[in-house]
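Before any comments, here is the structure.
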Amino acid sequence: MTLALEIRRSARLIIIDSNNNLLLFKYHDEHRDPFWATVGGELKPGESYLDAARRELLEETGSDAKIGSFVREREEIYAVARSTPARWLEKYFLVRCKSYLPINQDGWTDEERDTIRDWKWWSLEDMKIQDGAVFKPDWLPEALESVIYGNTGA
C-alpha cells in the first residue's frame with residue numbers, strides 16, 4: 001500500500017542583476033550533499049504564489065524589488081531540511097535588480113540559518129563550467145540563458 005505524499009507549494013525567484021548574474025543560495029541539510037538553488041520558499045495558508053514570491057524575496061534578501069513575469073514551473077518529490085518527502089509544486093518568477101544586491105539575513109528563519117551556507121552571483125559562463133557545483137533544479141543554467149537571450153517571454 002502506497003501512501004499519498006503531501007502536496008507543498010513553493011514560490012521560487014530567478015533574481016538577475018544588471019550584469020545578467022543569477023543569485024543562488026548554497027543549501028546543505030541532512031537529506032543531500034550541498035547544492036545551489038534559487039531564493040524562495042513554501043506558500044503560507046491562503047497565500048498566492050505571487051504573494052509568497054514577494055514575501056520570500058523580502059525575507060531572504062531584504063529587497064522589495066518588483067516581482068516580474070512567471071518563468072517556469074516544476075513538480076518534484078523531495079524533502080527539505082527537517083521535513084519528510086513531499087510532492088512540491090514550484091513556480092519560478094523573474095526579479096531584476098541592481099548589480100550585487102546585498103543580502104540581509106534579518107528575516108531568515110532558524111531553518112534557513114541552518115541550511116543556507118553561502119550565496120553567490122553566478123554568471124552563465126560560470127554555471128556552464130560548474131566546477132563540481134550542483135544546481136537544483138539542474139535546468140537553472142538553461143533558465144538563466146533563456147532570460148538573458150529573451151527566450152522566455154520574461
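Computed quantities for the displayed model
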| read-out | value |
| --- | --- |
| Extreme residue, farthest from Ala65 (Cα to Cα), among residues of the stretch 23-49 that are in contact with a Ser or Thr (Cβ under 8 Å, 6 or more places away or on another chain) and either loosely packed, with under 14 Cβ neighbours inside 10 Å or of a type in the set (A, V, I, L, M) (or both) | Leu43 |
| Hits in the stretch 8-48 (condition: aliphatic (A, V, I, L, M) and free of Cβ contacts under 8 Å to residues at least 40 places away in the same chain) | Val39, Leu43 |
| Counted residues, the stretch 86-101 - those being open to solvent by 30 Å² or more (accessible area, probe 1.4 Å), touching a helix residue (DSSP H, G or I) at 6+ places or on another chain (Cβ under 8 Å) and of a type outside the set (D, E, K, R) | 1 |
| In the stretch 100-114, residue modelled with the highest pLDDT [restricted to those that are of a type outside the set (A, V, I, L, M), more than 22 Å from Glu47 (Cα to Cα) and part of a loop (DSSP other than H, G, I, E, B)] | Asn104 |
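One line per residue, one yes/no per condition, for (1) closer than 14 Å to Ile16 by Cα; (2) in a loop (DSSP other than H, G, I, E, B); (3) hydroxyl-bearing (Ser, Thr, Tyr):
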residue: Arg72; (1), (2), (3): no, no, no
residue: Lys98; (1), (2), (3): yes, yes, no
residue: Asp126; (1), (2), (3): no, no, no
residue: Gly132; (1), (2), (3): no, yes, no
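The values are calculated or read from the model by the stated rules, or taken from the named source; none is laboratory data. Small disclaimer: the values here were computed from a predicted structure and weren't measured. Cβ coordinates were reconstructed from backbone atoms using ideal geometry, including for glycine residues, and neighbour counts include every protein chain displayed. Accessible surface is based on the protein model in full, side chains and every heavy atom, while ligands, DNA and RNA are left aside. Shrake-Rupley method; radii C 1.70, N 1.55, O 1.52, S 1.80 Å.
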